[in-house]
1. Give me the pairs: first residue in region 49-78 and within 11 Å of VAL126 (Cα to Cα), second residue of a type in the set (Gly, Ala, Ser) and in a strand (DSSP E or B), beta-carbon distance under 8 Å, and six or more apart or on different chains, which are they?
2. Of the residues in region 114-136, how many are loosely packed, with under 12 Cβ neighbours inside 10 Å and at pLDDT 90 or above?
3. Which number in (1) free of Cβ contacts under 8 Å to residues at least 40 places away in the same chain; (2) surrounded by fewer than 10 Cβ atoms within 10 Å (Cβ to Cβ) marks the one condition that PRO139 misses?
4. Going by what's in this entry, would ALA92 be described as closer than 30 Å to GLU13 by Cβ and of a type outside the set (D, E, K, R)?
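The values are calculated or read from the model by the stated rules, or taken from the named source; none is laboratory data. Here the structure is a predicted model, which means the values were calculated and not measured. Positions of Cβ are backbone-derived with ideal geometry, glycine not excepted, and every protein chain shown enters the neighbour counts.
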Amino acid sequence: MYRSLFPRDIFAEMDRLQRDVQQAFDLSPSIRGIAWNGFPALNVGSTPQTLEIYAFAPGVDPSALEVNLERGLLTISGERKSALPEEGDKAAVHINERFEGAFRRVMTLPEDADPDAVNARMSDGVLHITVQRRASAQPRRIAIQ
């Protein structure tokens with residue numbers, strides 16, 4: 001891939017435009033959230049007792065994150081500030097591929113998720129959300145009489 005450090009390079013601009021168009025088609029919503037290239041990136045797994053959601057948001061201040069659960073929809077939103085120099089600092093930015101700005105990810109939780117038993121904690125840029133499953137949905141052994 002051809003890249004130049006000069007901002008008016010036509011090949012770099014065409015490359016950026018191609019990536020933007022490709023991302024527009026790749027960001028189709030699905031029942032499991034946004035397809036790849038969404039921010040923050042998610043890993044979702046489950047155990048018989050819990051749903052485990054990991055949102056990878058390096059460089060995001062935990063106070064700038066908001067996690068909401070309403071009607072079975074889990075929403076992770078916030079804003080990542082730019083680490084680049086301000087325009088008045090007499091510095092030039094040649095390549096900026098890091099996402100900055102407001103973001104929002106929405107995913108549907110299964111019916112057995114307990115909205116009253118949700119825990120969220122942030123460590124080293126990873127937001128870990130644990131959602132307990134309802135006790136009535138837990139597997140159990142039935143005694144034969």
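1. Matching pairs, first to second residue: ALA55/ALA41; PHE56/ALA41; ALA57/GLY78; VAL60/GLY78.
2. Going through region 114-136 one residue at a time, the tally reaches 5.
3. (1)
4. yes
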